[in-house]
Amino acid sequence: MTEYQNPDAVSPKPDLPVAARRLSCKIGSTTYDVTIHFSKTSKENMNDKILRLVRNDLQRRLTE
C-alpha cells in the first residue's frame, strides 16, 4: 500500500503548551480527559495517521 502524503496538511506542533494539547469530552455521565503527545521523530502528520487508521480498520473489516 502506498502511503498518502497530503501536501496541504499541517503538522501539529509538539512544543505547544500542555493546555493546548489537552482535550476533554463528556459522554453520558463520564468525562474523558485526553492529553495528546507527539513524537519528534515521526514522519507522519496527524492527517496521515488518521487516514492510516481508517484504512487499516476498513481492511480489517473487509477480511473478517
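Every number here is computed from the coordinates shown, using simple stated rules; none is lab data. For clarity, every value in this text was computed on a predicted model and none was experimentally measured. When we count neighbours, we look across all protein chains shown, and the Cβ atoms used for this are built from the backbone with ideal geometry, even at glycine.
Some points to look at:
- Efficiency of FRET between Thr31 and Asp57 - r from beta-carbon atoms, R0 22 angstrom, step 0.05: 0.30
- Ratio of the Cα radius of gyration of region 20-64 to 2.2 N^0.38 Å, where N counts its residues: 1.57
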